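Visitor: Quick one: the structure is below, and I'll ask about it shortly.
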Amino acid sequence: MQLEKQSIQNINQDALAAHQRKFTYIAGEVANAEHIVKKLEAFNIAIPSWALGTGGTRFGRFSGGGEPRSLEEKIEDVGLIHALNRSSNSISLHIPWDIPDNASSIKTLASQLGLHFDAVNSNTFQDQQKQELSYKFGSLHHVDKAVRKQAVEHNIEVIKYGVELGSNALSVWLSDGSNFPGQLNFRNAFKNTSESLQEIYDALPDDWKIWIEYKPYEPNFYSTTIGDWGQSYLLASKLGSKASTLVDLGHHLPNTNIEQIVSLLLMEGKLAGFHFNDSKYGDDDLTVGSINPYQLFLIFNELVEGMDARGLDHATGIGWMIDASHNVKDPVEDLLQSVEAIKIAYAQALLIDQQELKSAQQNNDVAKGQEILQNAYRTDVRPLLAEARLRADGALDPIGAFRKLKVRDQLIGARGSKSVATGL
Ligand SMILES: [Mn+2]
């Protein structure tokens, strides 16, 4: 199904007067409201193909009904999200969960909905049915060269799918690691990973990038071969300019200062982009901004400051993606909440007077620095987001419109209440 512009506008009509009141207020309160609205209009976050169905845990999965049954229906769902929020104009595919059988018709469908393809993701963390060798003991780091070769070839195949779809980045997350001391020689595992990545790197088209994700633990619980940003950075540096580090917010030990990591990776030109989610304890894959919105804001403060320092375009300078799992919420509503949370943090970061902050830092005026950050964080920027959506023909209240238009009921009507999406 597709949402008509007119039906969204009809729903907006009821909320228009209240919105205008709030927008006029904030436009008078902050110095750069118009600038922020324009930045928000340009800002998009990619939706992962695996997040459109209900997620699960190792204990169970409780399907929500009307889940997309095919890649086409997943693209359709991203189209719905984009029609409502006008900030989700791309989809990030996971191979082999979403192999495009007919790339040109998939591409046409996407472009009809105003979408394109973001980074493609490889998968060597599970075995596929017709696969010859097992990844039980790892993939790119495996002790057996034949397993490494199979994993390298899979990544090269993923690049080929990506080329057909007009994507230009491969993101690699490895579950490679060890569960027990003595299982692995760390140095050999790292060297094997480096060599395997080099083979993949050599197969990248000229205009492509490879993004290397890290994670401290899980599914391996003693060591992970790319366990932190330093290890990812080391690999990316050895590979060359097309390689950089992908930060997944959930892939850190509790209380890690992620904003500092972001700042330094940006400084070195090695920040590939983000996988947004939130966590309380580990890689919980909760909705970004649901647990720790202040951390998200502090990260965006570093991003805005660091990207401006390097002259990067905020919208396109690095990759913006959601990587979350929706176990108990409607996936579309959860994704709408995610994009909203990201854009709120971005807008709040744009409120910061960086010159003023720099001068506070220069004068060791610690209290002033905190005041500047928290004044921005405590500003309700939601009317700025709503205004950006309104100007782009989106919904003033995306989740409200999704519910009023009974989109989920229609999807259940078309797809059934027991449909199960491929992926997580
Ligand atoms: Mn991720």
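Visitor: Give the residue, chosen from A401, A360, A421, A347, that is of a type in the set (A, V, I, L, M, F, W, C) and closer than 18 Å to N44 by Cβ.
Guide: Of the residues listed, the single one that is of a type in the set (A, V, I, L, M, F, W, C) and closer than 18 Å to N44 by Cβ is A347.
Visitor: Give the residues of the stretch 406-424 that are assigned to a loop (DSSP other than H, G, I, E, B) and either over 24 Å from the mean Cα position of the chain (by Cα) or acidic (D, E) (or both), sorted by residue number. Talk me through it step by step, then tell me what you get.
Guide: Residues of the stretch 406-424 assigned to a loop (DSSP other than H, G, I, E, B): 406, 416-424.
Scanning the stretch 406-424 gives K406, G416, S417, K418, S419.
Visitor: For the stretch 197-253, which residues satisfy the criterion of being assigned to a strand (DSSP E or B) and aliphatic (A, V, I, L, M)? I'd like the intermediate steps shown before the answer.
Guide: To start, the set of residues in the stretch 197-253 that are assigned to a strand (DSSP E or B) comprises 209-213, 223-224, 243-248.
I210, I212, A243, L246, V247 - these are the residues of the stretch 197-253 that are assigned to a strand (DSSP E or B) and aliphatic (A, V, I, L, M).
Visitor: With respect to the numbered conditions (1) small (G, A, S); (2) within 16 Å of the ligand (Cβ to nearest atom); (3) touching a Phe, Trp or Tyr at 6+ places or on another chain (Cβ under 9 Å), which one is the sole condition not fulfilled by S279?
Guide: Here S279 meets the rest and fails (3).
Visitor: What residue, of V147, V158, V163, is within 16 Å of the ligand (Cβ to nearest atom), on the phi < 0 side of the Ramachandran plot, in a helix (DSSP H, G or I) and at pLDDT 95 or above?
Guide: Answer to the check: V158.
Visitor: Can you pull out every residue in the stretch 210-223 that is in contact (Cβ under 8 Å) with a residue 60 or more places away in the chain and surrounded by 19 or more Cβ atoms within 10 Å (Cβ to Cβ)?
Guide: W211, I212, E213, K215 - these are the residues of the stretch 210-223 that are in contact (Cβ under 8 Å) with a residue 60 or more places away in the chain and surrounded by 19 or more Cβ atoms within 10 Å (Cβ to Cβ).
Visitor: Going by what's in this entry, would G289 be described as more than 13 Å from the ligand (Cβ to nearest atom), of a type in the set (G, A, S), within 20 Å of K209 (Cβ to Cβ) and not in a strand (DSSP E or B)?
Guide: no
To keep it simple, each residue is scored yes or no on (1) touching a residue at least 40 places away in the same chain (Cβ under 8 Å); (2) exposed (fewer than 13 other Cβ atoms within 10 Å of the Cβ).
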| site | (1), (2) |
| --- | --- |
| Q131 | no, no |
| A146 | no, yes |
| I156 | yes, no |
| Y161 | yes, no |
| S167 | yes, no |
| D176 | yes, no |
| K191 | no, yes |
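Visitor: Among the residues of the stretch 116-129, how many are closer than 30 Å to S87 by Cα and either assigned to a loop (DSSP other than H, G, I, E, B) or touching a residue at least 60 places away in the same chain (Cβ under 8 Å) (or both)?
Guide: Residues meeting the conditions: 5.
Visitor: Quick one: in the stretch 224-233, of everything that is touching a residue at least 40 places away in the same chain (Cβ under 8 Å) and more than 14 Å from the ligand (Cβ to nearest atom), which residue is surrounded by the most Cβ atoms within 10 Å (Cβ to Cβ)?
Guide: T225
Visitor: Still on this structure: Which members of the stretch 76-103 meet the condition of being among the aromatic types (F, W, Y) and not in a loop (DSSP other than H, G, I, E, B)?
Guide: None; the set is empty.
Visitor: If you scan the stretch 1-42, which residues turn out to be of a type in the set (V, I, T) and either out of contact with any Gly (no Cβ under 8 Å at 6 or more places or on another chain) or modelled with pLDDT under 95 (or both)?
Guide: Those that are of a type in the set (V, I, T) and either out of contact with any Gly (no Cβ under 8 Å at 6 or more places or on another chain) or modelled with pLDDT under 95 (or both): T24, I26, V30, I36, V37.
Visitor: Output the number of residues of the stretch 309-328 satisfying the condition of being in a loop (DSSP other than H, G, I, E, B), at pLDDT 95 or above and either more than 18 Å from D77 (Cα to Cα) or away from the ligand (no atom under 16 Å from the Cβ) (or both).
Guide: Residues flagged as in a loop (DSSP other than H, G, I, E, B), at pLDDT 95 or above and either more than 18 Å from D77 (Cα to Cα) or away from the ligand (no atom under 16 Å from the Cβ) (or both) within the stretch 309-328 amount to 9.
Visitor: When you go through (1) modelled with pLDDT of 95 or more; (2) in a loop (DSSP other than H, G, I, E, B); (3) not small (G, A, S) one by one for F59, which number turns out not to apply?
Guide: If we test F59 against (1) modelled with pLDDT of 95 or more; (2) in a loop (DSSP other than H, G, I, E, B); (3) not small (G, A, S), just (1) comes out false.
Visitor: Another question, then. Search the stretch 51-80 for residues that are under 14 Å from P331 (Cα atoms) and pair each with any residue that is modelled with pLDDT of 95 or more and polar (S, T, N, Q) when their beta-carbon atoms are under 7 Å apart and the residues are at least 6 apart or on different chains.
Guide: Pairs found: V78/S88.
Visitor: Separate question: Considering each of R389, R403 in turn, give the residue that is under 30 Å from G56 (Cβ atoms) and part of a helix (DSSP H, G or I).
Guide: Criteria check complete, one pass: R403.
Visitor: Of all residues in the stretch 237-257, which are more than 12 Å from K215 (Cα to Cα) and within 16 Å of the ligand (Cβ to nearest atom)?
Guide: Across the stretch 237-257, the qualifying residues are S244, T256.
Visitor: Another question, then. With the requirement that a residue be away from the ligand (no atom under 16 Å from the Cβ), assigned to a helix (DSSP H, G or I) and farther than 20 Å from A324 by Cα, what does the stretch 258-276 give you?
Guide: We begin by selecting, within the stretch 258-276, every residue away from the ligand (no atom under 16 Å from the Cβ); these are 259-260, 263-264, 266-270.
With the extra rule that they be assigned to a helix (DSSP H, G or I), the set shrinks to 259-260, 263-264, 266-267.
Correct list: Q260, S263, L264, L266, M267.
The values are calculated or read from the model by the stated rules, or taken from the named source; none is laboratory data. Note that the coordinates shown come from a computational prediction; the quantities given were computed from them, not determined experimentally. As a convention, Cβ positions derive from the backbone with ideal geometry for all residues, glycine included, and neighbour counts pool all protein chains shown.
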